[in-house]
Amino acid sequence: MNLVCTCVRRRLAALTASGTEIGPASWLARHLAACPDCSLESRALASLAGDLASARLPEPDEQTFAAAVWRKVDALPAPIRRAVWWQSPGLLAAAAGACAVALWMAREPARVDITEQPHSPGSAVRAAGLAGTVASISPASRPKADLVTPPPAPPVPRVKKPTAAGSRTPAIPKLRPGLNPASARPRRMLASAASSTAGSTVAWSDWGSYYEQKGDYRSAAYAYGMAHSEKRDPTTAFAYGRASEASGDLASAMDRYAAVLEQDGG
Amino acid sequence: MHTIAVTRPHWQTESDDLALAAAARDGDRSAYAVLIARYRGMAFAYALSALGNREEAEDAAQDAFVQAYSAMPRFDPDRAEWAAWFMRIVRNRCRDGLRRRKTRRPAEMPLEIVDEAPGPEAVTMADDRRRVLMQAVAALPEAQRVPLIMHYAAGRTRVEIAHALGVPESTIIGRLAGGLKTLRRRFGGEGLI
C-alpha cells in the first residue's frame, strides 16, 4: 500500500457516507480501477452501507402513539400559578423594611480622624493645597484603624503671647477635675470651663484643637466656632469646617470650606 | 402538461411548524396532532438509536411530546425553530433514560433486516447477519451509532439528522464515515462484509 492508497482509503469512508458518486474520469476512479486492494475496500464499504440500509427501524403505530401522548397530556396536573412576591403583603412589607434600614444605614455619617491635621495656626491652612486637603480628609480615603486609634498624648493648651500692654504672663488654664471633655453636654461644659478661666487669655482655637485631639468633634466645632466669631480668619474657618465635618454636621462644614475657598475668611 | 409533485423537506416546513405551534399554544389540539404526526418518526428513530429498546424509546418519544406540549407557552420562535427545540427535549429525555440505567450502551439494536426474496437459506443467513451486525452497531459509540441508524435504517437525510442533533451536516458525514470505518475494521477479517 503506497501513499496514494492511504489517501484513497481515508476518503472512501467519507465518500460512502456522503453518498458522493465517484466520476469515472476522476483520479480516484482510475486508482480504484488499477488497485485491487482499494477496490476491495470500496466494495466492502458499499456493501456495509447496503447491509445497514437493509435494516429497518420498527415504527410505532400512529394512532396508538398519538393516543398515548394525549392520555399522558390529560393526566398532567393543572398548572400551579406561582405567587409573585410583590403581590404578597408580608413580603412587600419585608422589602419596604429592608429598604428603610438600608437608607438609614446609608445616611449615618462616618467618623473621620483628623488628628493628623496641623494644629498650629501657622501651618493649619495651606491656602494653595486647600482643595486637596479637603479631599484628603474624606471618610473613604481614611484607613479604618485611624478611627479608633486615640491621639498619642493629650496636648497642653497653648497660651497667647503676652501683648505689649500685658503686665504679667497668664497662667495655663487647666480643666476642672472630674470634667471629661469627651462626655456629653459639651457646650455647657465648655461654657463652665470658659467661665472658670475668665480673664485668662486661652484662645478658643486652642480649646478646639484640644477637643479635636480628644476626639470630641462637637466640642471642637463649638470652640472653633467661638474662635471664628471672635476672629475671622481662614485658619479658624478651616478648622471650624474640619471639626464640623468630623462631627457629622456636613452642611456647616461645607459652608466653612466654601468660605475658605472664597478667601474671605468666612 | 406535466405536474411535478414536490415533496418539501422537513426543514422547509418550519413556517408551518411555527403556525402549528402557535395554534397548539392557544389550545388547538388538532394542530399539535399534526406536529405529532410530523415528528413522531424522527423522535422515535433518535430515541431507539440512543436507547436501543423499543418500549423505552416509545416512552421517551411520547414523554418528549407531552413535555413539549406543557412547555409550549415558553417556546420562543425568535430564539429557535420548533423542530430544533423539540429535538432538544427528545435528546434530554433520552439522556435521562440512559442515566437511570446502569448500562448506557444497548446490547443489541432492535432493527429488522429486510430481504428482497427470502428463502429458507436466506432467512438463516439474514438471522446470522442480523445478529452480528446489530451487536456491532450497538457496540459503536453513541455519536456514531445514532447518525448511522437514523441515516441507513430510518432513512433520514443527513440534513435532517444534523437538524435533529443540532450539529452541522459535515459533522454528521464525519460521524457516519467514522462508524463505517469502525464496522469495517471490526468485520475486516471475518468475511461478513
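The values are calculated or read from the model by the stated rules, or taken from the named source; none is laboratory data. Keep in mind it's a predicted model, so treat the numbers as computed, not measured. Because the Cβ atoms are built from the backbone with ideal geometry, glycine has one as well, and the counts that use them run over all protein chains shown.
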Which condition does B:Ile173 not pass, out of (1) surrounded by fewer than 21 Cβ atoms within 10 Å (Cβ to Cβ); (2) at pLDDT 90 or above, if it passes all the others? (1)
Those residues of segment B:35-47 which are surrounded by 24 or more Cβ atoms within 10 Å (Cβ to Cβ) and either outside any helix (DSSP H, G or I) or touching a residue at least 40 places away in the same chain (Cβ under 8 Å) (or both) amount to B:Ala43, B:Ala45, B:Tyr46, B:Ala47
Might you let me know whether segment A:54-63 holds any residue that is more than 14 Å from chain B (Cβ to nearest Cβ), surrounded by 13 or more Cβ atoms within 10 Å (Cβ to Cβ), among the small types (Gly, Ala, Ser) and closer than 26 Å to B:Arg158 by Cα? no
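I'm trying to understand the selection: among the residues of segment B:133-159, which are outside any loop (DSSP other than H, G, I, E, B), of a type outside the set (A, V, I, L, M) and crowded, with 22+ Cβ neighbours inside 10 Å? Quick ask: steps written out before the conclusion?
Step one: list which residues in segment B:133-159 are outside any loop (DSSP other than H, G, I, E, B), which gives B:133-139, B:142-153, B:158-159.
Those left that are additionally of a type outside the set (A, V, I, L, M): B:135, B:142, B:144-145, B:147, B:151-152, B:158.
Result: B:Arg145, B:Pro147, B:His151, B:Tyr152.
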Check whether at least one residue in segment A:194-207 is part of a helix (DSSP H, G or I), of a type outside the set (Asp, Glu), under 33 Å from the mean Cα position of the chain (by Cα) and at pLDDT 55 or above, and report yes or no. no
So, in segment B:112-159, exactly how many residues are closer than 13 Å to A:Ser54 by Cβ and at pLDDT below 65? 10
Evaluation of A:Ala83 against (1) at pLDDT below 80; (2) surrounded by 13 or more Cβ atoms within 10 Å (Cβ to Cβ) (one fails), failing number: (2)
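If we keep just the residues of segment B:69-86 that are within 10 Å of chain A (Cβ to nearest Cβ) and not aromatic (Phe, Trp, Tyr), which is surrounded by the fewest Cβ atoms within 10 Å (Cβ to Cβ)? I'd like the intermediate steps shown before the answer.
If we filter segment B:69-86 for residues that are within 10 Å of chain A (Cβ to nearest Cβ), which is where we start, we get B:69-70, B:73.
Now drop any that are not not aromatic (Phe, Trp, Tyr), which leaves B:70, B:73.
Working: B:Ser70: 14, B:Pro73: 8.
If we take residues in segment B:69-86 being within 10 Å of chain A (Cβ to nearest Cβ) and not aromatic (Phe, Trp, Tyr), then B:Pro73 is surrounded by the fewest Cβ atoms within 10 Å (Cβ to Cβ).
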Of residues in segment A:223-261 being surrounded by fewer than 24 Cβ atoms within 10 Å (Cβ to Cβ) and among the hydroxyl-bearing types (Ser, Thr, Tyr), the one nearest to A:Arg107 (Cα to Cα): A:Ser247
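Is one or more of the residues making up segment A:15-35 more than 9 Å from every other protein chain (Cβ to nearest Cβ) and of a type in the set (Phe, Trp, Tyr)? Give the derivation first.
Of the residues in segment A:15-35, the ones more than 9 Å from every other protein chain (Cβ to nearest Cβ) are A:20-35.
Now narrow it down to the ones that are of a type in the set (Phe, Trp, Tyr): A:27.
Yes, segment A:15-35 has at least one match.
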Over segment A:18-32, the set of residues at pLDDT 85 or above and touching a helix residue (DSSP H, G or I) at 6+ places or on another chain (Cβ under 7 Å) is A:His31, A:Leu32
Quick count over segment A:232-255, residues being out of contact with any Phe, Trp or Tyr (no Cβ under 9 Å at 6 or more places or on another chain) and of a type in the set (A, V, I, L, M, F, W, C), is 3
Exactly one of (1) among the small types (Gly, Ala, Ser); (2) at the interface with another protein chain (Cβ under 8 Å from one of its Cβ atoms); (3) surrounded by 22 or more Cβ atoms within 10 Å (Cβ to Cβ) is unmet by B:Ala50. Its number? (2)
